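Student: The structure under discussion is supplied below as structure tokens; questions concerning it will follow.
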Amino acid sequence: MSTLSLAVRDSSTMLRRNLLHARRYPSLTLNLLLTPIMLLLLFVYIFGDVMSAGIGGGSADRSEYVAYIVPGILMMTIGGTVIGAAVSVATDMSEGIIARFRTMAIHRGSVLIGHVVGSVLQCVASVVVVGAVAVAIGFRSTGATVLEWLAAFGLLVLFSLALTWIAVGMGMASPSAEAAGNSAQPLILLPLISSAFIPAGTMPGWFQPIAEYQPFTPAIETLRGLLLGSAIGDNWWIAILWCVGLTALGYRWSTASFNRDPK
Amino acid sequence: MTTTSHSLAIEAKGLRKAYGDRTVLDGIDLAVPAGSIFALLGPNGAGKTTAVKILSTLVTADAGELRVGGHDLASEPQAVRASIGVTGQFSAVDGLITGEENMLLMADLHHLSRSEGRRTAAELLERFDLVEAASKPVSTYSGGMKRRLDIAMTLVGAPRIIFLDEPTTGLDPRSRHTMWGIIRELVSGGVTVFLTTQYLEEADELADRIAVLSNGRIAAEGSAEELKRLVPGGHVRLRFTDPAAYQAAAATLREATADDEALSLQIPSGGSQRELRSILDWLDSAGVEADELTVHTPDLDDVFFALTGGTNLPDQTKETVR
Ligand SMILES: Nc1ncnc2c1ncn2[C@@H]1O[C@H](COP(=O)(O)OP(=O)(O)OP(=O)(O)O)[C@@H](O)[C@H]1O
Ligand SMILES: [Mg+2]
């Protein structure tokens with residue numbers, strides 16, 4: 001069997017195993033969905049009036065603010081979902097079965113690839129669920145073309161992949177599932193200090209660089225542009241650069257930890 | 001098949017491994033002929049698991065020329081992995097899924113076809129008495145059931161060389177005997193088994209060759225019979241119920257080794273009929289009347305204690321175990 005077909009075959013076996021875990025024990029995935037949905041409802045229905053007013057005039061029905069916040073919430077959903085990947089990788093690494101995999105003539109990377117693909121699929125599913133909630137409370141993206149929809153989908157997948165690899169690296173580096181959950185926490189908190197909820201331009205001057213030069217802001221701005229027609233500017237390539245960079249970094253980090261002698 | 005090294009399933013020369021400044025394996029040599037059972041014995045912490053982990057490609061050695069299944073461990077680890085099956089000391093099963101799913105997972109990773117995978121899984125579940133539990137999550141299994149599943153999973157790919165790190169620890173006597181039967185069956189089919197064990201009886205029962213690991217080195221190696229000849233462990237043991245009778249006997253039989261707690265005396269003896277008769281005559285003439293008399297021939301316990309830093313008195317095992 002060629003290396004590639006071995007890689008595909010073993011990785012899909014590992015993926016099936018991870019999906020089986022996720023299906024049998026859905027609470028982790030479902031819990032991670034709660035945060036973005038709750039924040040969406042909180043910002044729209046509780047803080048909505050002030051927020052709508054804040055982003056410029058603001059209409060009475062908050063629809064403008066719903067439109068503003070949804071792209072950020074979708075990216076945050078990804079940040080939250082990959083915490084699950086960090087936790088399940090750390091849990092998995094503490095399991096004896098990983099030692100068994102290491103002594104088998106399987107594709108070396110398949111264990112991690114299985115986790116990564118599984119996590120990306122979960123991200124997509126979570127984005128669909130949160131997106132459905134957004135539509136239910138009035139989010140509309142009628143102006144976007146099919147191409148823009150495809151680009152938006154591609155961006156979400158790419159961003160999921162990048163954050164997943166980082167989360168997998170965190171999971172590999174953590175001694176326990178709790179530690180992994182903690183160290184991956186910034187992935188869901190970063191959107192709070194991005195342009196997800198309020199434009200970066202409205203933040204205090206000293207803070208703006210932090211909001212602007214982090215991966216979430218360009219990704220959110222690009223998604224916003226694709227779905228709602230706002231200006232994208234340089235954001236699209238900065239977002240892609242971030243995704244590629246984080247993917248490469250997370251991949252190197254994860255595989256290096258996996259190839260090290262187990263403790 | 002022309003050179004001798006081809007008939008060796010496992011070969012190690014100068015195997016070394018240290019964790020920090022603790023040298024665990026200090027240059028050990030091993031040679032396990034294909035189709036035989038090799039047992040590695042040693043006290044807790046001797047490095048048995050470390051040796052298994054290294055030979056099964058799980059951790060890398062610091063030094064040593066190592067070959068498993070004819071392949072060099074350092075340069076062809078995937079080829080080694082293709083010829084081995086490993087059951088580590090600690091359970092290597094997926095607790096979140098069922099026993100059957102674990103077996104099918106192994107079948108998939110060995111690239112068996114769907115029908116072949118199902119058949120192999122069903123066969124092994126049957127063989128290891130796990131049919132009833134097959135559809136339950138492994139996290140609900142007892143320790144012994146997990147152990148059996150663990151070994152069943154190792155056999156899925158029909159490996160030619162099998163590493164078993166304490167395979168019967170935690171098994172009840174029936175399961176242990178079943179396991180011994182399975183190991184013998186495997187070997188009669190030409191499989192090589194490398195096992196570690198804490199049960200000397202197990203090594204005695206199964207192993208063609210036994211090595212005793214102590215302080216990072218192989219303290220002795222050979223068949224069970226060869227090892228037993230190394231130690232003068234034979235003795236006759238006299239046990240008393242009355243402390244007074246015990247004291248009197250102990251005072252009379254000065255050459256016996258006394259165990260005050262167990263109220264017993266040990267007299268060195270090879271265990272032949274002639275020796276026994278002379279001991280009995282001597283006891284009669286000395287007026288010693290023991291409540292129980294047992295003849296003890298040297299066994300692997302004696303070898304173990306003698307070689308691993310203890311004494312060869314089994315009654316003192318409690319103190320010699322670290
Ligand atoms: N990852 C590790 N890091 C540091 N020290 C280790 C590591 N693994 C094993 N050791 C040390 O190596 C020594 C040998 O351990 P090993 O597990 O091989 O012993 P063992 O003979 O299998 O013992 P047991 O009978 O208890 O299973 C021990 O002193 C142990 O503390
Ligand atoms: Mg051990």
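The values are calculated or read from the model by the stated rules, or taken from the named source; none is laboratory data. Bear in mind that the values here come from a model prediction, so they are computed numbers and not experimental data. Don't worry about glycine lacking a Cβ; one is built from the backbone with ideal geometry, like all the others, and counts go over all protein chains shown. To get the accessible areas, we keep the full protein, side chains included, count just its heavy atoms, and leave off ligands, DNA and RNA. Shrake-Rupley method; radii C 1.70, N 1.55, O 1.52, S 1.80 Å.
Student: So which of B:168, B:192, B:154 is within 28 Å of residue B:67 (Cβ to Cβ), of a type in the set (Val, Ile, Thr), within 16 Å of ligand 2 (Cβ to nearest atom) and touching a Ser or Thr at 6+ places or on another chain (Cβ under 9 Å)? Before you say what the answer is, go through the steps one by one.
Tutor: Numbers: B:192 fails: within 16 Å of ligand 2 (Cβ to nearest atom); B:154 fails: within 16 Å of ligand 2 (Cβ to nearest atom).
Criteria check complete, one pass: B:168.
Student: Report yes if residue B:35 is within 19 Å of residue B:156 (Cβ to Cβ) and assigned by TED's automatic domain parsing to the domain that holds residue B:132, otherwise no.
Tutor: No.
Student: Determine whether region B:168-176 contains at least one residue that is at positive phi, more than 14 Å from the chain's Cα centre (by Cα) and in the same structural domain as residue B:130 (by TED's automatic domain parsing).
Tutor: no
Student: A further question follows. If you go through region A:219-263 one residue at a time, how many are open to solvent by 80 Å² or more (accessible area, probe 1.4 Å), of a type outside the set (Gly, Ala, Ser) and more than 14 Å from chain B (Cβ to nearest Cβ)?
Tutor: Residues of region A:219-263 that are open to solvent by 80 Å² or more (accessible area, probe 1.4 Å), as a first pass: A:231, A:234, A:236-237, A:241-242, A:244, A:249, A:251-253, A:259-260, A:263.
Right, trim to of a type outside the set (Gly, Ala, Ser) and you get A:234, A:236-237, A:241-242, A:244, A:249, A:251-253, A:259-260, A:263.
Add one more test, that the residue is more than 14 Å from chain B (Cβ to nearest Cβ), and what stays is A:234, A:236-237, A:241-242, A:244, A:249, A:251-253.
Residues flagged as open to solvent by 80 Å² or more (accessible area, probe 1.4 Å), of a type outside the set (Gly, Ala, Ser) and more than 14 Å from chain B (Cβ to nearest Cβ) within region A:219-263 amount to 10.
Student: Got a number for residues in region B:111-157 being aliphatic (A, V, I, L, M) and over 22 Å from the mean Cα position of the chain (by Cα)?
Tutor: 11
Student: Mind counting the residues in region B:11-58 that are of a type in the set (Ser, Thr, Tyr), within 13 Å of ligand 1 (Cβ to nearest atom) and either open to solvent by less than 30 Å² (accessible area, probe 1.4 Å) or without any contact (Cβ under 8 Å) to a residue 40 or more places away in the chain (or both)?
Tutor: Of the residues in that region, 3 qualify.
Student: Quick one: in region B:130-151, which of the residues that are surrounded by fewer than 18 Cβ atoms within 10 Å (Cβ to Cβ) and within 14 Å of chain A (Cβ to nearest Cβ) is farthest from ligand 2 (Cβ to nearest atom)?
Tutor: The selected residue is B:135.
Student: Moving on to the next point. Kindly indicate which of A:97, A:69 is over 23 Å from residue B:77 (Cβ atoms), buried (at least 18 other Cβ atoms within 10 Å of the Cβ) and of a type in the set (A, V, I, L, M, F, W, C).
Tutor: On inspection, the qualifying residue turns out to be A:69.
Student: Further, regarding this structure: Among the residues of region A:66-122, how many are touching a Cys at 6+ places or on another chain (Cβ under 8 Å) and polar (S, T, N, Q)?
Tutor: 2
Student: Is there any pair with a first residue in region A:181-194 that is open to solvent by 60 Å² or more (accessible area, probe 1.4 Å) and at pLDDT 90 or above and a second that is in a loop (DSSP other than H, G, I, E, B) and among the small types (Gly, Ala, Ser) whose Cβ atoms are under 9 Å apart and which are 6 or more apart or on different chains, and what are they?
Tutor: Partner pairs satisfying both residue conditions: A:182/A:174.
Student: Right, here's the next one. Of all residues in region A:17-53, count the ones that are over 26 Å from residue A:114 (Cβ atoms) and either in contact (Cβ under 8 Å) with a residue 40 or more places away in the chain or part of a helix (DSSP H, G or I) (or both).
Tutor: Going through region A:17-53 one residue at a time, the tally reaches 16.
Student: Which residues, counting only those in region A:145-167, are open to solvent by less than 20 Å² (accessible area, probe 1.4 Å) and under 14 Å from residue A:226 (Cα atoms)?
Tutor: Result: A:152, A:155.
Student: Could you grab me the full set of residues in region B:95-113 that are modelled with pLDDT under 95 and either within 14 Å of residue A:100 (Cα to Cα) or part of a helix (DSSP H, G or I) (or both)?
Tutor: Selection gives B:95 alone.
Student: If you go through region B:251-279 one residue at a time, how many are surrounded by 13 or more Cβ atoms within 10 Å (Cβ to Cβ) and over 16 Å from residue B:241 (Cβ atoms)?
Tutor: 13
Student: Quick check, is residue A:161 without any contact (Cβ under 8 Å) to a residue 24 or more places away in the chain and hydrophobic (A, V, I, L, M, F, W, C)?
Tutor: On the way: without any contact (Cβ under 8 Å) to a residue 24 or more places away in the chain: no; hydrophobic (A, V, I, L, M, F, W, C): yes.
Taking the combined requirement at face value, the residue does not satisfy it.
Student: Of everything in region B:80-94 that's in a helix (DSSP H, G or I) and facing chain A (nearest Cβ under 8 Å), which residue is most open to solvent (accessible area, probe 1.4 Å)?
Tutor: Narrowing region B:80-94 to residues in a helix (DSSP H, G or I): B:80-83.
From what is left, the residues that are facing chain A (nearest Cβ under 8 Å) are B:81-82.
Details: B:81: 22, B:82: 74 Å².
In this case the residue turns out to be B:82.
Student: Taking region B:171-189 as the search range and keeping residues that are closer than 29 Å to residue B:114 by Cβ and surrounded by fewer than 16 Cβ atoms within 10 Å (Cβ to Cβ), which one is nearest to ligand 2 (Cβ to nearest atom)?
Tutor: Looking at residues that are closer than 29 Å to residue B:114 by Cβ and surrounded by fewer than 16 Cβ atoms within 10 Å (Cβ to Cβ), I get B:185.
Student: Still on this model: Looking at (1) surrounded by fewer than 17 Cβ atoms within 10 Å (Cβ to Cβ); (2) within 7 Å of chain A (Cβ to nearest Cβ), can you tell me which one residue B:75 breaks?
Tutor: With (1) surrounded by fewer than 17 Cβ atoms within 10 Å (Cβ to Cβ); (2) within 7 Å of chain A (Cβ to nearest Cβ) applied to residue B:75, the lone miss is (2).
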